[in-house]
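Asks: The structure that follows is given in the form of structure tokens.
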Amino acid sequence: MNRIAQGLVLVLLGAAALGSSAFSELYLNYVQGAFRPFLIAAGAVLVLLGALVVAADLRTAARGEEEEEGHDCQGHGDDHHGGPRVAWLLVLPAVAVFVVAPPALGAYTAAASGAAEAPDPSRVDLSEYRDDPFAEAGDGPVELQLQEFVSRAWTDEERTMSGRTVELTGFVVPHPEGEDEGWYLARLQMACCAADAVVNRVLITDEPAPETDSWWTVRGTWDEPEGDLQSVRDHRFTVEEMREVENPPDPYE
């Protein structure tokens with residue numbers, strides 16, 4: 001790989017970063033939205049550096065210095081200005097973004113990871129979502145994120161969700177033991193990037209399982225468990241109404 005090729009690889013990598021962040025929302029499949037400015041800046045820097053490398057090498061060639069250095073290095077194999085051939089592998093991530101963009105994590109990851117574990121109630125501050133979403137909604141349905149729903153189901157000892165109509169949005173995950181056991185409506189919670197995503201899910205048994213990975217908004221009620229909330233593995237949800245989501249939101253919460 002000569003210096004011009006190295007510069008072109010930098011330009012290609014930078015263009016991939018810019019294409020997925022500045023001109024689309026593809027980056028949301030892999031990182032939080034707050035990283036967008038950093039991705040744009042990194043992409044711009046890579047494109048600029050790559051262009052400078054190519055321009056500098058072209059100027060060198062025009063002055064004839066490259067030809068002179070070539071004579072000095074005859075019989076010594078590769079040009080000492082070149083990089084290792086393995087560096088071409090850097091092109092693969094950029095090609096993947098342009099040609100076959102990896103999708104967001106979905107049902108396969110959710111099924112393989114299992115559900116999130118019950119959090120320590122003393123460390124959960126439900127007000128970080130909304131102080132009292134049920135008071136704000138009055139007698140109407142309350143739209144909650146799945147992570148908020150499961151946090152309340154595990155830690156709200158006052159059980160304020162009991163008997164209230166709740167609306168949740170997520171994707172379909174099949175039950176590992178078969179359709180007779182129901183299916184999961186799930187969403188992935190991401191702190192930084194897709195690598196640290198955890199699964200929040202509710203178990204639905206009163207409706208046939210839709211197509212795996214399809215997105216749905218379900219309206220219904222929390223099946224309030226008996227006994228200790230922390231001992232519950234899967235929070236159950238009774239569906240009153242459900243509709244498919246044609247334009248899914250940000251895949252992560």
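Asks: If you average the C-alpha positions of region 133-157 and of region 188-228 separately, how far apart do those two centres end up, in angstrom?
Replies: 14 Å
Asks: Rounded to the nearest 0.05, what FRET efficiency is calculated for THR109 and LEU52 with R0 set to 35 Å and r the Cβ-Cβ distance? Provide the component values of the computation, followed by the final result.
Replies: On the way: r = 40 Å, r/R0 = 1.13.
Using R0 = 35 Å, I get an efficiency of 0.30.
Asks: Per residue of region 206-212, in order, report the coupling 6.51 cos²θ - 1.76 cosθ + 1.60 (Karplus, θ = phi - 60°) as ³J(HN,Hα) in whole Hz, putting x for Gly and Pro.
Replies: Coupling constants for region 206-212: 9, 9, x, 6, x, 5, 4 Hz.
Asks: Based on the mean of other beta carbon atoms within 10 Å per residue, what is the order of 171-179, 245-253, most packed first? Walk me through the numbers before you get to the answer.
Replies: Working: 171-179: 15.9, 245-253: 13.6.
For the peptides 171-179, 245-253, the packing ranking is 171-179, 245-253.
Asks: On full extension of the chain, what length is gained from VAL91 through THR238, given 0.36 nm per residue of separation minus the C-alpha to C-alpha distance? It would help to have the intermediate numbers written out before the result.
Replies: On the way: separation 147, 0.36 × 147 = 52.92 nm, distance 4.86 nm.
Taking 0.36 nm per residue and subtracting the Cα distance, the gain is 48.1 nm.
Asks: Suppose R0 equals 22 Å; then what is the FRET efficiency for ILE4 and ALA42 from their Cβ-Cβ distance, rounded to the nearest 0.05?
Replies: Numbers: r = 22 Å, r/R0 = 1.00.
For R0 = 22 Å, the calculated efficiency reads 0.50.
Asks: In addition: Quick one: what are the phi-derived ³J(HN,Hα) couplings along region 245-253, Karplus 6.51/-1.76/1.60 with θ = phi - 60°, whole Hz, x for glycine and proline?
Replies: Result, rounded to whole Hz: 9, 6, 10, x, x, 3, x, 10, 9.
Asks: Starting from the amide H of TRP215, placed 1.01 Å from N in the peptide plane, find each other amide H under 5 Å away whose residue is 5 or more places distant or on another chain.
Replies: Placed amide hydrogens put VAL245 under 5 Å from TRP215.
Asks: Take each of the peptides 181-192, 51-62, average the number of other beta-carbon atoms within 10 Å over its residues, and list them starting from the highest. Kindly include the intermediate steps, with their values, before the conclusion.
Replies: Details: 181-192: 20.1, 51-62: 14.0.
The densest-packed peptide leads the list: 181-192, 51-62.
Asks: Rounded to whole Hz and in sequence order, give me ³J(HN,Hα) for region 233-239 from the Karplus expression 6.51 cos²θ - 1.76 cosθ + 1.60, θ = phi - 60°, writing x for Gly and Pro.
Replies: Here the 3J(HN,Hα) series is 8, 10, 6, 9, 9, 9, 8 Hz.
Coordinate-derived values only; no laboratory data. Because the structure is a prediction, the values reported are computed rather than measured. Cβ: placed from backbone, ideal geometry, glycine included. Neighbour counts: every protein chain shown.
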